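What follows is one structure encoded as structure tokens, with my remarks underneath.
The values are calculated or read from the model by the stated rules, or taken from the named source; none is laboratory data. Note that the structure is a prediction, hence the values are computed from the model and not measured. Cβ placement follows ideal geometry from the backbone for every residue including glycine, while neighbour counts extend to all protein chains displayed.
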Amino acid sequence: MIAVLRKELASWFASPLAWVVMALFLALSGFYFYTNLSFFLLNGGFDLTRGLWQYQFVDLLQRNFFLLPLVTMRLFAEERRHGTLELLWTYPLRDAQIVLGKYLAALIVFALMLAGTAVHPLLLLPSGAPVAAGPLVAGYLGLFLVGAAFLACGTFVSSLTDSQVLAAAATYTLLVLFWALTWNEFAVGAPVLWILSGLSLFDRFYTFARGGIDTRDVVFLLLFAAVFLAWTLLALGARRWRGVR
Amino acid sequence: MIEVAHLVKTFGDLAAVDDVSFRVEPGECVGFLGPNGAGKTTTMRTIAGIFPPTSGTVRVAGHDVVREPDAARRALGYFPEHAPFYPELTVEEYLVFVARAKRLPRAARPHTVARALAACDLGAVRRRLVGTLSKGFRQRVGLAQALLGDPEVLVLDEPTAGLDPTQKREIADLVLSLRGRRTVLFSSHVLPEVAQVAQRVVIVDRGRVVAEDAADALASRLGGSSTLRLRADAPADALCGVAAAVPGVLRAAVEGERVRVEIADEEARAAVSRAVTARGWTILELAGEAPTLEEVFLRLVGGGRETAGTPAREDGARLDPPPAGTEGSPGRGGVA
């Protein structure tokens, strides 16, 4: 598993796409931090320790939403296109090790991207502005967990195709679906809405953004990721049994 | 050792491999021959553990590939057709990854990678990206990953495909150097290539084994060639007329300054030679053409079989024989 993980990281950092995605993420998150901070300073009177970060984390989540499918699209699609996946299958590696190695590599890339945004609270410190640890910890945990769910979804989609573009596009479609599930709340009955809001990834995030950690949300997001990784395993297994590349 | 027993592999309704059995003894190098679509690649992929057999068993170094996949794969080096690669890694990075994926002990890795680089003559390009290498080098990178860790069993799927003659020779030499030390299954659809390196040959067609014999035994069974190329210090037209009149000659035709003579048996070859010298001409060339795989097949299965037109998929699956009258028609190779 470590072998696959290290190879994935090497491949990722060798591609120009990696640097474009990471630079874009950091540039955008910096821009949003600047606008959010200006907004709070100019309007004044808001709760800077929580309110600022609530805005900032929701903005970051939306950047993740656009950029993370670009991280996962190549995981399996590229191996299938190059025919290297079948070579992996001739090594003493289990499918679970291949899937986990690739997924963890994507998680590490994502964690590095998030770590880059940690300069924002640090920038506030010298100015004497109030920075509380609580909302930050909750917000980053939420971002990481929702991101982990996005990445698992993207990993699964990537295992279904040998086209990276298709993998990214289909991942967006799925994520949009999970985002928009509860928008139409008046069009559906209460029981349906209850199920839909249970599935919505984004509703789960708002508690974290407000500085709260609900274990139900944590468990849900971890389960969400686990289910998609399990489906990835099944998808690989199915390809093997059918003997198609 | 490789043991394949009653192997069947179907893709939907297509039986790519249909009850194939053979063994490769330890230290033996066996050539695996057959036209495209005969089931070679499917058989080799099953041995490599890429997909499980529909029925039958495959053992690598005594380990069942389905029940003990890890043990079987540890004993195996596989070279896939068209040597796949990660274009963004350097040769050395790639081999280090393979060494890790093969679970070679950490301490042994640098030495193992260095040995594989040396064995495949890749030292000069070890820091180059695999994607920028020429086909011959990429093929060698593919061989290096198979050889890495000195697996007991090597399964090489058309390692010489698409290479120039010098490169083919180098690969053949490399395989020859493994003879006696490793168990090798080597596939090709070109007979002379296999005859160069293999002690024994297994010939498959349409998912079945049609012949299995020692390489020299097979050659003598095939009894030399049936086509001669003749050149003498005489006009080709006159030479052709003389050759055509010799008993045992089936057909003679002018080809540039040479005459192509099809003969029924070896006696006819001597008769052609005598007839030409009897005219006072000097024979400059009288060469038998190496039998093509098609000729081998015709002899093995009793003639009258069309092999070239068998609709076949590249991945080894095949369709039923075409209806009479459509044999050999182009464009039937795909799957509807």
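Things to note:
- Out of B:122, B:117, sole residue that is more than 19 Å from residue B:41 (Cα to Cα) and in contact with a Gly (Cβ under 7 Å, 6 or more places away or on another chain): B:117
- The number of residues in region A:138-168 being part of a loop (DSSP other than H, G, I, E, B) and either hydroxyl-bearing (Ser, Thr, Tyr) or within 16 Å of residue A:62 (Cα to Cα) (or both) comes to 3.
- Selection of region A:131-145 for residues being in contact with a Leu (Cβ under 7 Å, 6 or more places away or on another chain) and within 13 Å of residue A:213 (Cα to Cα) yields A:140, A:143, A:144, A:145.
- The single condition among (1) in contact (Cβ under 8 Å) with a residue 24 or more places away in the chain; (2) closer than 19 Å to residue A:210 by Cα that residue A:62 does not satisfy is (1).
- In the set B:76, B:95, only one residue is facing chain A (nearest Cβ under 10 Å), buried (at least 20 other Cβ atoms within 10 Å of the Cβ) and under 23 Å from residue A:1 (Cα atoms); that residue is B:76.
- Residues that are surrounded by 15 or more Cβ atoms within 10 Å (Cβ to Cβ) and in a helix (DSSP H, G or I) are absent from region A:42-50 altogether.
- Residues that are within 14 Å of chain B (Cβ to nearest Cβ) and free of Cβ contacts under 8 Å to residues at least 12 places away in the same chain within region A:191-238 comprise just one, A:238.
- Just one of the listed residues (B:225, B:187) is modelled with pLDDT under 85 and hydroxyl-bearing (Ser, Thr, Tyr), and it is B:225.
Quick grid of which residues meet (1) more than 14 Å from chain A (Cβ to nearest Cβ); (2) within 27 Å of the chain's Cα centre (by Cα); (3) over 24 Å from residue A:98 (Cβ atoms):
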residue: B:110; (1), (2), (3): yes, no, yes
residue: B:113; (1), (2), (3): no, no, no
residue: B:118; (1), (2), (3): yes, yes, yes
residue: B:121; (1), (2), (3): yes, yes, yes
residue: B:126; (1), (2), (3): yes, no, yes
residue: B:129; (1), (2), (3): no, no, no
residue: B:134; (1), (2), (3): yes, yes, yes
residue: B:148; (1), (2), (3): no, yes, no
residue: B:154; (1), (2), (3): no, yes, no
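- Region B:39-73, subset farther than 20 Å from residue A:84 by Cβ and polar (S, T, N, Q), residue farthest from the other protein chains (Cβ to nearest Cβ): B:57
- Residue pairs meeting the criteria (Cβ under 8 Å; at least 6 apart or on separate chains; first more than 11 Å from residue B:187 (Cα to Cα), in region B:28-49; second assigned to a loop (DSSP other than H, G, I, E, B) and among the aromatic types (Phe, Trp, Tyr)): B:45/B:51; B:48/A:89; B:49/A:89
- Considered as a group, the residues in region A:1-36 that are crowded, with 16+ Cβ neighbours inside 10 Å and away from every other protein chain (no Cβ under 14 Å) include one that is farthest from residue A:102 (Cα to Cα), and that residue is A:36.
- Residue within region A:28-35 that is over 18 Å from the mean Cα position of the chain (by Cα) and touching a residue at least 60 places away in the same chain (Cβ under 8 Å) present: yes
- Residue A:108 meets each of the listed conditions (1) free of Cβ contacts under 8 Å to residues at least 40 places away in the same chain; (2) assigned to a helix (DSSP H, G or I) apart from (1).
- Per-region count, region A:113-137, residues small (Gly, Ala, Ser) and part of a helix (DSSP H, G or I): 5
- Residue B:103 being assigned by TED's automatic domain parsing to the domain that holds residue B:140 and not in a loop (DSSP other than H, G, I, E, B): no
- Condition check for residue B:51: in the same structural domain as residue B:208 (by TED's automatic domain parsing), closer than 22 Å to residue B:200 by Cα, aromatic (Phe, Trp, Tyr) and not in a helix (DSSP H, G or I): no
- The criterion of at least 3 residues that are within 25 Å of residue B:36 (Cβ to Cβ), out of contact with any Ser or Thr (no Cβ under 8 Å at 6 or more places or on another chain) and of a type in the set (Gly, Ala, Ser) is met by none of the strands (runs of 3 or more DSSP E) falling completely within region B:167-281.
- Just one of the numbered conditions (1) in a helix (DSSP H, G or I); (2) without any contact (Cβ under 8 Å) to a residue 40 or more places away in the chain is not true of residue B:127: (1).
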